[in-house]
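**Student:** Take this structure first; my questions come after.
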Amino acid sequence: MNNFRRYSLLLIGVLLAAYLGSVQAVEFNRVQANKSTLTFGFKQMGVPMDGKFRQFAASISFDPARLDAAHAQLDINLASIDTGNQESDVEVMGKQWFNAGAFPAAQFVSTGVKALGGNRYEVRGKLTLKGRAQDVAAPFTFRQDGASGIFDGTFMLKRLDYAIGEGAWADVSAVANEVQIKFHVVADAVIKK
Amino acid sequence: MTPTARYTSTAITLHWLVALLILCAFPLGLYVHEMALSPLKLKLISYHKWLGVTIFLLTVARIAWRASHMPPPLAASIPQWQQSIAHVLHLLLYILLLLIPLSGWLMSSAKGFPVVYLGLVQLPDLVGKDKLLGDLLLEVYELLNFGLLALVGMHVGAALKHHFIERDDTLLRMLPSWKRSKS
């Protein structure tokens with residue numbers, strides 16, 4: 001009888017764990033590259049300008065119920081930049097800007113995600129650009145659309161923190177120091193069994 | 001000799017102010033067009049655009065002023081056909097002083113650079129970003145500017161001819177009257 005009782009409890013425990021697991025472990029981790037965008041905005045002589053990166057690899061694992069396990073990594077191909085102007089696209093590859101010959105990619109690796117209430121979260125991590133790593137924090141919203149998770153966030157970085165725009169280009173009265181980075185990432189869910 | 005009937009001091013001030021601004025904006029435009037991308041180029045292009053917007057605004061003010069203040073008559077010794085040509089020339093100058101900044105503004109929008117006057121007031125983009133339209137507007141812009149160069153050349157040439165060859169008071173009408181207090 002004792003054994004039966006013990007096995008019953010164990011069985012219930014296992015079933016319960018499996019049940020909870022199936023409900024909670026909805027992890028959004030299949031990034032849909034063609035639906036995701038990485039754009040930026042800045043001011044040039046007070047004129048608002050914007051652009052985007054056409055190529056970046058994002059890997060995300062995000063389960064709103066298990067934020068401590070959340071992780072994100074972004075690898076951005078700097079040569080895929082589109083500033084909206086051909087001359088600028090060429091210019092920013094140069095040594096004074098990205099120095100893309102030596103540093104072809106930018107990388108963001110998350111160190112943690114916390115909830116800010118409602119559908120708002122904040123991801124913290126290290127952004128490495130031109131060989132310089134800085135801590136960044138980006139608030140973002142998360143919403144679920146069917147099997148897709150949609151992440152929308154924005155944060156501001158100062159280009160001179162990464163020596164983006166050296167020499168004459170360090171003049172922030174021509175090109176502002178502040179650059180607004182906007183990301184829109186769509187990742188599909190994989191339900192763990 | 002009867003004293004020269006001059007333009008009003010407002011008209012004279014506006015005329016020479018616009019002349020001075022054109023004298024800055026025109027060579028500046030030619031210069032930045034040839035420059036490689038640099039922070040200085042971004043600044044100079046902005047200054048050029050600000051000058052252009054200012055010239056446009058001052059031209060509107062001049063037209064409004066002129067509509068309510070008759071210019072002093074030209075010397076009676078000037079044949080009627082020459083006076084007619086002078087009027088047409090002035091009309092064309094006004095038209096270009098409006099059209100050139102307007103086409104520059106449209107070109108800037110089409111090339112994907114909104115105009116922010118003095119770095120403070122953003123003008124709306126009347127056309128969206130469109131490379132072909134931007135290139136076309138650049139052609140139009142250059143054409144209008146060389147038209148302006150030709151007209152200004154005629155304008156200055158005529159003024160000097162009247163002043164130094166015919167020795168009439170055509171140019172004096174547009175010069176400040178230093179002796180006004182003596183009259």
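Nothing in this text is a laboratory measurement; each read-out follows from the coordinates by a stated rule. Just so it is clear, the model here is predicted, and its values are computed rather than measured. Here the Cβ is made from the backbone with ideal geometry for all residues, glycine too, and neighbour counts use every protein chain on show.
**Student:** If A:Val172 satisfies every condition in (1) within 14 Å of chain B (Cβ to nearest Cβ); (2) without any contact (Cβ under 8 Å) to a residue 40 or more places away in the chain; (3) in a strand (DSSP E or B) but one, which is the exception?
**Tutor:** Exception for A:Val172: condition (3).
**Student:** It is to be established whether one or more residues within the stretch A:51-66 are within 14 Å of another protein chain (Cβ to nearest Cβ), under 30 Å from B:Trp50 (Cα atoms) and more than 20 Å from the chain's Cα centre (by Cα).
**Tutor:** Within the stretch A:51-66, none of the residues are within 14 Å of another protein chain (Cβ to nearest Cβ), under 30 Å from B:Trp50 (Cα atoms) and more than 20 Å from the chain's Cα centre (by Cα).
**Student:** Can you name the residue in the stretch A:168-185 that is within 21 Å of A:Ala106 (Cα to Cα) and over 11 Å from the mean Cα position of the chain (by Cα) and, of all such residues, is surrounded by the fewest Cβ atoms within 10 Å (Cβ to Cβ)?
**Tutor:** A:Glu178
**Student:** Of all residues in the stretch B:140-176, which are outside any helix (DSSP H, G or I) and farther than 14 Å from B:Leu89 by Cβ?
**Tutor:** B:Glu166, B:Arg167, B:Asp168, B:Asp169, B:Leu171, B:Leu175, B:Pro176
**Student:** Look at A:Tyr121 and say whether it is more than 15 Å from the chain's Cα centre (by Cα), away from chain B (no Cβ under 14 Å) and crowded, with 19+ Cβ neighbours inside 10 Å.
**Tutor:** No: the conditions fail for A:Tyr121.
**Student:** Would you mention how many residues in the stretch B:22-39 are surrounded by fewer than 17 Cβ atoms within 10 Å (Cβ to Cβ) and more than 29 Å from A:Ile164 (Cβ to Cβ)?
**Tutor:** Selection size over the stretch B:22-39: 4.
**Student:** Identify, from the list B:Leu74, B:Leu42, B:Leu91, B:Leu57, the residue that is surrounded by 17 or more Cβ atoms within 10 Å (Cβ to Cβ), without any contact (Cβ under 8 Å) to a residue 40 or more places away in the chain and either more than 21 Å from B:Gly147 (Cβ to Cβ) or not polar (S, T, N, Q) (or both).
**Tutor:** B:Leu42
**Student:** I want to confirm something. Restricting to the stretch B:110-124 and keeping residues that are over 12 Å from B:Lys49 (Cβ atoms) and surrounded by 16 or more Cβ atoms within 10 Å (Cβ to Cβ), which single residue is farthest from the other protein chains (Cβ to nearest Cβ)?
**Tutor:** Selected residue: B:Ala110.
**Student:** To continue, here is another question. Looking at the stretch A:126-142, which of its residues are assigned to a strand (DSSP E or B) and either polar (S, T, N, Q) or surrounded by fewer than 16 Cβ atoms within 10 Å (Cβ to Cβ) (or both)?
**Tutor:** The answer is A:Lys126, A:Thr128, A:Arg132, A:Ala133, A:Gln134, A:Asp135, A:Ala137, A:Pro139, A:Thr141.
**Student:** Within the stretch B:27-39, track down each residue that is more than 8 Å from chain A (Cβ to nearest Cβ) and without any contact (Cβ under 8 Å) to a residue 24 or more places away in the chain.
**Tutor:** Of everything in the stretch B:27-39, those that are more than 8 Å from chain A (Cβ to nearest Cβ) and without any contact (Cβ under 8 Å) to a residue 24 or more places away in the chain turn out to be B:Pro27, B:Leu28, B:Leu30, B:Tyr31, B:Val32, B:His33, B:Glu34, B:Met35, B:Ala36.
**Student:** Here is a list: A:Asp152, A:Asp145. Which entry is loosely packed, with under 13 Cβ neighbours inside 10 Å, over 24 Å from A:Ser173 (Cα atoms) and not small (Gly, Ala, Ser)?
**Tutor:** The conditions single out A:Asp145.
**Student:** Of the residues A:Ala138, A:Ala133, A:Ala187, A:Ala163, which is of a type in the set (A, V, I, L, M) and without any contact (Cβ under 8 Å) to a residue 12 or more places away in the chain?
**Tutor:** Testing whether each residue is of a type in the set (A, V, I, L, M) and without any contact (Cβ under 8 Å) to a residue 12 or more places away in the chain leaves just A:Ala133.
**Student:** Could you please let me know if A:Gly153 is without any contact (Cβ under 8 Å) to a residue 60 or more places away in the chain and part of a strand (DSSP E or B)?
**Tutor:** The answer is yes for A:Gly153.
**Student:** Still on this structure: Within the stretch A:155-167, restricting attention to residues that are surrounded by 16 or more Cβ atoms within 10 Å (Cβ to Cβ) and within 14 Å of another protein chain (Cβ to nearest Cβ), which residue is nearest to A:His71 (Cα to Cα)?
**Tutor:** Taking the candidates together, the pick is A:Arg159.
**Student:** Provide a single number: the residues in the stretch A:33-50 that are of a type outside the set (S, T, N, Q) and within 14 Å of chain B (Cβ to nearest Cβ).
**Tutor:** 9
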